[in-house]
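First up is the structure itself, then whatever we jot down about it.
What follows draws every value from the coordinates through simple rules; no lab data is involved. Not measured: the values here are computed from a predicted model. Positions of Cβ are generated from backbone atoms using ideal geometry, with glycine treated the same way; all protein chains shown enter the neighbour counts.
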Amino acid sequence: MNKRKMKETLLGGLIRNNPTFVLVLGTCPTIAMTTTLFQAFAMGVATTFVLIFSNLFVSLLRGLIPDRVRIPCYIVIISTFVIIVQMVMQRFMPGLYSTMQAFIALIVVNCIILARAESYASCNPPLYSALDGVSMGLGFTAALCLIGVVREFLAGGSFAGMKIPGFPAMDGVGASAFGFIVFGCMMALFNFAMQKLRERRERMEASVLPLAGGAAEEVAE
């Protein structure tokens, strides 16, 4: 078991390959399901569940799935877990399900899930594939929640359904057009922060290399 690969896989979807802010996948649910924090979180959890188990089963069955029909097979696997999510939400959260029904069904063709099944789970062992699903799911959920917090706060002056007294609501913030603006701003901030962190790491590595070289020369002498 490669601990370095496990760490890279687990952290990849959160930061370096964040599906929303870096890979720009799953834009449709990102805009539609982030009008409130609760909806954003529910959508993220549902997608994470499907990601983990579809990745796991695609990896387990990758040697049995014929190459020419792999995409239909992936969709059948993904659909199975989407149906499980639908059944659970209908039973325990009927009110929430009624508002999210169309987008829960669309998880079947969510490009994040299909992309990970095709590019990762189909050529990696089950453990790594499941970890990739966890990582991508958490990254997607975190991005949705960040956007949901901003949109809910600006739209009604509330946080997770709790109203903040005296905060003026902004008309039109709940609309899709404004959702794209918030999404774009959050994506720009995320990538700016990542760029600054990379530059800082490169400067630190550059400053360490001369010291390491000097130490090596002293040892050689």
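Data for the structure
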| item | result |
| --- | --- |
| Ranked LEU51, LEU131, LEU37, criterion: other C-beta atoms within 10 Å, fewest first | LEU37, LEU131, LEU51 |
| Mean Kyte hydropathy of 0.0 or more with a Cα span along the axis of at least 24 Å, helices from DSSP in the chain | 37-60, 70-92, 126-156, 176-220 |
| The range 1-86 - percent relative contact order, Cα under 8 Å, separation 6 or more | 18 |
| Mean separation of Cα contacts under 8 Å, 6 or more apart, over the residue count of the chain: relative contact order % | 33 |
| Stokes-Einstein translational diffusion, the chain - Kirkwood Rh over all Cα pairs, 1.306 mPa s, 10 °C, in µm²/s | 82 |
| Contour minus Cα-Cα distance for LEU127 and ALA206 (0.36 nm per residue) | 24.9 nm |
